[in-house]
1. If only one of ILE28, ILE61, ILE35, ILE50 is in contact (Cβ under 8 Å) with a residue 60 or more places away in the chain, of a type in the set (A, V, I, L, M), in a helix (DSSP H, G or I) and touching a helix residue (DSSP H, G or I) at 6+ places or on another chain (Cβ under 7 Å), which one is it?
2. Could you run through region 68-88 and say how many residues are over 18 Å from the mean Cα position of the chain (by Cα) and assigned to a helix (DSSP H, G or I)?
3. Based on what the data block shows, is THR253 over 22 Å from HIS65 (Cβ atoms) and at pLDDT 85 or above?
4. Does region 191-236 hold any residues that are at pLDDT 90 or above and β-branched (Val, Ile, Thr), and which are they?
5. Among the listed residues ARG58, ARG33, which satisfies the condition of being among the basic types (Lys, Arg), over 22 Å from THR183 (Cβ atoms) and at pLDDT 90 or above?
6. Residues of region 184-243 being among the aromatic types (Phe, Trp, Tyr), in a loop (DSSP other than H, G, I, E, B) and buried (at least 21 other Cβ atoms within 10 Å of the Cβ), which ones?
7. Kindly list the number of the only condition in (1) in a helix (DSSP H, G or I); (2) at pLDDT below 85 that fails for ALA166.
8. So, GLN81, is that one among the polar types (S, T, N, Q), surrounded by 12 or more Cβ atoms within 10 Å (Cβ to Cβ), within 30 Å of THR131 (Cβ to Cβ) and in contact (Cβ under 8 Å) with a residue 40 or more places away in the chain or not?
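The values are calculated or read from the model by the stated rules, or taken from the named source; none is laboratory data. As the structure is a computational prediction, the values presented were derived from the model and not from experiment. Cβ atoms come from the backbone with ideal geometry, glycine included; neighbour counts cover every protein chain shown.
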Amino acid sequence: MISQKTLDYLFSTILEGGDDLYSTHAFIRDRTRSIRQDFTLQNYRGKEAIDCHERIARYHILCLHALCDYPNFSEQQEMEQLRKVLQSLMEFYMDTKKSPSPLSLPNETEFRAYFALVFLRDPDVSQQLQTLPSDVFFSSPMMRSLRLRSWAQLSNDKYVQNNAEAAPSSFVRLFKEVRTSTTYLEACILETWFGSIRTSALKALRQALGIKNPQISQLSIPMLVEMLGFDDRDQFIAFCLYLKLEIIDDEETGEPRVVWFKKSTPWEGKFQSSKTILIQYRACLKSPSILFINSRSKARKFALSVCCERTPSSEAE
């Protein structure tokens, strides 16, 4: 099919021939959107359409992380395209299962999990997930994404549209799960939510510990770095300073030692999602795959591996 051959050319020739992932991004993004529009105009939802949409989705997920430091990169636009691709895929999966001769869907659980994480706080998606067949619902990727969805819900952030009043706010368990069991592309999606999750966590700690006794209302910086999944102390301190949390230095060494959670601090916990803030405070994970992708030349190679292959093995664990 022509659309499939066009996608092969974009990923195997254009992407591979570029200097880095960013240099070809605008061109590939526009052409992949045109490919999706062609399938829509033809009203074709067969095997080729599913295959192309799956590969395009992987490309957008990877770009969310790999290109986040580029000043002209728009995370909002990238996420918008990803949402549209995944929504189309969910419709394709549903249609083929209702067909008299349903297709084999070897990658369905992978992309159902991405869909659950992209729409992390959407209650309508929660209802949709409950209707999935048992073999999909109880698959390893779906069980992992459902755990992460549960732990990522917030109950104390008035800036979150869908606040869950009874949410456990299990941020420690969430970041532990991200470190130990999520796939690379799942981590790329979750990274877009880290700002609000960490802000909510610090706000909850201030509410719990913000009493007059300084020995109780202070937590060590190494402990918080571990709990909130930051790369290092400097990244965590920058985040705290942006939120205007008070940091106490060690009297002997002069190094930052603890965070003092004062209730008197005039802070509502709002995390602005401006490009400058995202670049400066964006979270990276302590995993070899994240370190791997920080090299731009290797980022392009990784993009080729996740976009060009058409089997479940193309997802990096």
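1. Residue meeting the stated conditions: ILE61.
2. Count: 1.
3. Against the criterion (over 22 Å from HIS65 (Cβ atoms) and at pLDDT 85 or above), THR253 qualifies.
4. Correct list: THR192, ILE221, VAL225.
5. None of the others qualify; the one that does is ARG33.
6. PHE230
7. Every condition holds for ALA166 apart from (1).
8. Answer is yes for this residue.
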